[in-house]
Amino acid sequence: MVSWHFATYRRLWKVNLLSSLVQPMLFLLGLGVGVGSLVDSNTGSSDVLGGSSYVAFVVPGLLVTTAMALAAGESMWPVLGGLRWNRGYHGIAATPLDAGDIVLGHATWMALRCGIATGSVALVLACFGETRSWGLAPSVLVSMLVGVAFAMPIMALSVSAEMDGRFPAIQRFVIIPLFLFGGAFYPLSQLPLVVQWVAKVAPLWHGVVVARGFTNGNVDWVGVAGHLAYVALWAVVGTVVATRRLSGKLYT
Amino acid sequence: MPEPLIVASQLVKRFGDFTAVGPIDVEVQPGEVFGFLGPNGAGKSSTMRMIACVSPITSGSLRLFGLDPATHGPQIRARIGVVPQLDTLDTELSVQENLWLYGRFFDLPRAEAKRRATELLEFAQLTDRADSVVDNLSGGMKRRLSIARSLINRPELLLLDEPTTGLDPQARHVLWDRLYRLKQEGVTQVLTTHYMDEAEQLCDRLVVMDQGLIVAEGSPRSLIDQYATREVLELRFPAGTNEAAAPQVEGIGERQELLPDRILVYAHDGEAALAATHARGLEPESALVRRSSLEDVFLLLTGRTLVD
């Protein structure tokens, strides 16, 4: 399953890697350096940010949101295509593999893709003193998990979609708001309580908090376990639902 | 007699209130080329999907290699090859990659999958297109690639759902030749088609399906012998007058069939029937004597032509 995904990816990887690298770097420059210089000169902001500079604060958020956006996109059109357009999933369903294998293959592939994308961003970040930290390595792992936690529920939605009509809506009403209000670029505590609770339902914030703990060196292991368990729950439930729905679509 | 490879008894497939198939009884012997013949919507594809273990049966029983698809789906699928009605090729990948990656789904080691892919490229006459992206292939090439891909696991049973629909005559003949070679190698084949000539060329034995049921069964020859005369005289009268001419032709052959554009007269000797027609003073615009075909059998059994 994974080598199938990989063969498809190999054709596009240069453009792909570049764009998944360039985008977070642009955000880092624009927000981290631009907004950062404003934030850091504002007395008292460093307390809200937990004692770190703004750039250092944004880095883990950037890694995790990169994984989220990538996994969400890759679990929409490509999944619908496998089922309806090029019908690759039907080809696989005729072999000894079944829906469960397809879904697990997708999950593994998403983890790898997110690992490659956030890993390359982390490598670049490690080149600069301001953002260098051993916490980047576990943050990449956290990003992979968050990626899967978004990929699987979205795959479950995509499997039962008739057309790609709802995908832009998911992008606009779920992914982009989470990107902006998910605690990646400023602490969630700056937002109204209701928004905070909504943001905490999705796996993104939990991943960001854990990754931030690693990069600024304040790791609360109990918290890490709790947050990651919650993220993993999304991944597991998504996998189960996606498998059941895909099985219903392929074997009718 | 060896154990049949496929045994279906009282097999039924329902989608909600709609009964797509059955109840039907079918047995396919090892080494045989078996056909499901019928118009669109007759239930051929639904039957094929049940046999391919990608569609659960509604009632009755189905066994392949003596195994039950409901409990041994993956084991059965490992031993069959499927050429679906719509290609499921990976259009972004090359011809070669399509073959060996598919082999990986059957748990073939990478080296073995690549070795078999090279062999199959030869078989499908696609060696010089090995590195082309599938998107750029012609319809006939894609179909040949689909067949090649279905053989990557060296299946004991090959299922072909309308293998030549939409292909030009030349591409069809190339495909038929490949299927005939497989038959010689002893691969059991089950195919669906709505082309009579295809069924006559390829099948040892076939069933005619109509509205989900089997209406006749036998070898192409025996079906023709049983349901049609040796020859057919096709008479065309000027447009709109076929119906008026029909009663006057009555009695010349054993039986006749009135179609919108012509009258078919079933007779043992077609030339004699034509002479008799002229003797009655009838002047058809054109007349043609031919051997009867499965098309005539189908027409008799269902009252309809196949491709409508």
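Any read-out appearing in this document is the output of simple, stated calculations on the displayed coordinates, not a laboratory observation. It should be emphasised that the depicted structure is a prediction, and the values quoted were computed from it without experimental measurement. Methodologically, a virtual Cβ is constructed for each residue, glycine included, from the backbone with ideal geometry; neighbour enumeration extends over all protein chains shown.
Evaluated at q = 0.13, 0.26, 0.29 Å⁻¹, the base-10 log of the normalised Debye intensity for segment B:232-280, with identical point scatterers placed on the Cα atoms, takes the values -0.23, -0.95, -1.16. Calculated on the alpha-carbon coordinates, the convex hull of the protein assembly as shown measures out at 195 cubic angstrom per residue.
Annotation: amide H of B:ARG14 within the under-5 Å range of B:ALA20, B:THR58, sequence separation 5 or more or interchain, hydrogens built in the peptide plane.
Listed values for segment B:113-119 are Karplus-derived 3J(HN,Hα) couplings in whole Hz (6.51 cos²θ - 1.76 cosθ + 1.60, θ = phi - 60°), namely 4, 5, 5, 5, 4, 4, 4, and x replaces Gly and Pro. 3J(HN,Hα) couplings calculated from phi for segment B:18-25 with the Karplus curve 6.51 cos²θ - 1.76 cosθ + 1.60 (θ = phi - 60°) are, in sequence order, 8, 8, 7, 9, x, x, 10, 10 Hz; Gly and Pro show x. Phi angles of segment B:71-83 translate, via the Karplus equation with coefficients 6.51, -1.76, 1.60 and θ = phi - 60°, into HN-Hα couplings of 10, 10, x, x, 5, 5, 4, 5, 9, 10, x, 10, 10 Hz per residue; Gly and Pro are given as x. When the alpha carbon gyration tensor of segment B:30-104 is reduced to an equivalent ellipsoid, the three semi-axes, largest first, read 25, 18, 12 Å. For a paramagnetic label modelled on B:HIS268 (point 7 Å from Cα along Cα→Cβ), amide N atoms under 18 Å away belong, within segment B:206-236, to B:224-233. Taking the centroid of alpha carbons for each part, segment A:190-252 and segment B:1-75 are 44 Å apart. Residues whose amide H lies under 5 Å from that of B:LEU191, counting only those 5 or more places away or on a different chain, are B:PHE34, B:GLY35, B:PHE36, B:LEU160; hydrogens are built 1.01 Å from N in the peptide plane. The ellipsoid equivalent to the alpha-carbon distribution of segment A:196-252 has semi-axes of 32, 11, 8 angstrom, derived from the gyration tensor eigenvalues as √(5λ) and listed largest first. Rounded to the nearest 10 degrees, the inclination of helix A:203-216 to the longest alpha-carbon principal axis of chain A is 40 degrees.
Principal-axis analysis of the Cα atoms of chain A puts helix A:99-125 at an angle of about 30° to the longest axis. With only Cα atoms counted, segment A:132-214 has Rg and Dmax values of 14.4, 45 Å. Values of log10 I(q)/I(0) for segment B:192-286 across q = 0.24 Å⁻¹ run -1.13, by the Debye formula with one identical scatterer at each alpha carbon and no solvent. Taking N as the residue count of chain B, its C-alpha radius of gyration divided by 2.2 N^0.38 Å amounts to 1.15.
Remark on B:ASP210: its backbone amide H falls under 5 Å from those of B:VAL215, a criterion applied only to residues 5 or more positions apart or on other chains, H modelled at 1.01 Å from N.
What is the Cα centroid distance between segment A:111-187 and segment B:123-142, reported in whole angstrom? Between the Cα centre of segment A:111-187 and that of segment B:123-142, the gap is 38 Å. Select from segment B:166-230 those trypsin sites (Lys or Arg not before Pro) which occupy a DSSP coil region and have at most 15 other Cβ atoms within 10 Å, ordered by residue number. Hits after loop and neighbour filter: B:ARG230.
Under conditions of 37 °C and 0.692 mPa s, chain A yields 175 µm² s⁻¹ as its translational diffusion coefficient, taking Rh as the Kirkwood radius over Cα pairs in the Stokes-Einstein equation.
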